1. Points 7 angstrom from Cα along the Cβ direction at Ile225 and Lys8: gap in nanometres?
2. Where does the charge balance sit around Cys94 when Lys and Arg score +1, Asp and Glu -1, over other residues with C-beta under 12 Å from its C-beta?
3. Quick one: of Lys19/Lys127; Lys162/Lys270; Lys65/Lys156, which pairs are farther than 23 Å apart, Cα to Cα?
4. Going by Cα centres, the range 83-112 and the range 12-37 are how many Å apart?
5. Rounded to the nearest 10 Å², what accessible area does Arg304 have for a 1.4 Å probe in the complete protein model?
6. Averaging sequence separations of C-alpha pairs under 8 Å and six or more residues apart, then dividing by the length of the range 7-143, give the relative contact order as a whole percent.
7. Highest mean first, how do 109-115, 32-38, 145-151, 43-49 rank when packing is the count of other Cβ atoms within 10 Å averaged over residues?
8. Once you list every other residue whose beta carbon is under 12 Å from the beta carbon of Leu210, what net charge do they have if Lys and Arg are +1 and Asp and Glu are -1?
Amino acid sequence: HSSTAFFKSLGSHYEQLIKHTMNLVPRNQYVALSSTDKQKYRVIESLPTGYIIGVALVDNSFWLKSDDLNNPWAHGPYCYHIRDALRLSQPIKCRGRVALWRIGKADMHRIRSMPCVTKRIQEWTHKFDIEPTDAMHFRALSIAQPFAEAIVRKIKSIENRKSAHLFRVHSRDEDGQFHGCRVCIAPHQTHKRVPFNYAAYGQQFQLQSLHANHELQRTAAMDKIRYQRSATLTQCVCDSSAYDDEKSNFPLGDSNDDNRVKRKNDKQLKHCLLEMGFAEEQIEDAMHRKPDLPTMIEYLLALRTVRNSKRLGYSDVLRYDSKGRRGKRRLS
């Protein structure tokens, strides 16, 4: 299922990867292309969203290791290997849900009745020794574009997730152990790896992508495009002390030196706020919630006002702030 919103940023690695393998570029880059290049590329935001667009067979799941970095689509920390995929002859409009979800009976019947699906299921049952009843038992997973499109084109063979909470193909002992994501592991492998050649890798998909981009119908109105926060594929979602998807936010494709600069800047920012008299716990909360120094200070001053208000009677301002809408109204 292709989710209903696009990512604001794909990161330098995946932006180049998608450009050279799928001939797709973001809208702001497409408008700057020459008339000749515009015939070669297509806008990412024109891909179908909010549709069930294909079916896929997952045959393995594992925690990312350094050996897996040879696959440019592997980011981790937890990976699902896609053995085969098929585009539906007719996409099915569907809102979708979070994580793994059940398909409605009517939509399930439409999928099973498609000749292309029936034929591919028969191939899977004979080739991979799968029970027919299991092969027809689908579950849906919403994946943002252009990654969903890359899967049905059989270009992207790895689906990446923060953890194994969706499902496991093998037992816990067989899928290895947590090592981190590509951002964590790759800097330690620089002496063993050469720079990735995106153009050479994407050459094998050129004819397929040109044909697919020409045949694919536009389903999204360009004035109604919705964006969500940057893809987890462009961020580090790991922590050296414990697995925590909220503690790190390093852009993929940048060097390890850039990561150290970011940590240094965060340390200086925290020191500045401490000098202004704010509590360390509140500063960490503000750095997590707000994007820049002015909004952090505004937020911390609002917290200080709440804490000093005897009428409200809250001793733990961070606990008070987590009260939801009611807390937000009082802070404003």
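1. 1.5 nm
2. That works out to +4.
3. Among Lys19/Lys127; Lys162/Lys270; Lys65/Lys156, the Cα-Cα distance tops 23 Å for Lys19/Lys127; Lys162/Lys270.
4. So the separation of the two Cα centres works out to 28 Å.
5. 70 Å²
6. It rounds to 19 percent for the range 7-143.
7. 145-151, 43-49, 109-115, 32-38
8. +2
The values are calculated or read from the model by the stated rules, or taken from the named source; none is laboratory data. Fair warning: this is a prediction, and the values are worked out from it, not measured in the lab. Virtual Cβ from ideal backbone geometry, glycine too; neighbours counted across all protein chains shown. With ligands, DNA and RNA removed, areas are computed over all heavy atoms of the protein, side chains included. Shrake-Rupley method; radii C 1.70, N 1.55, O 1.52, S 1.80 Å.
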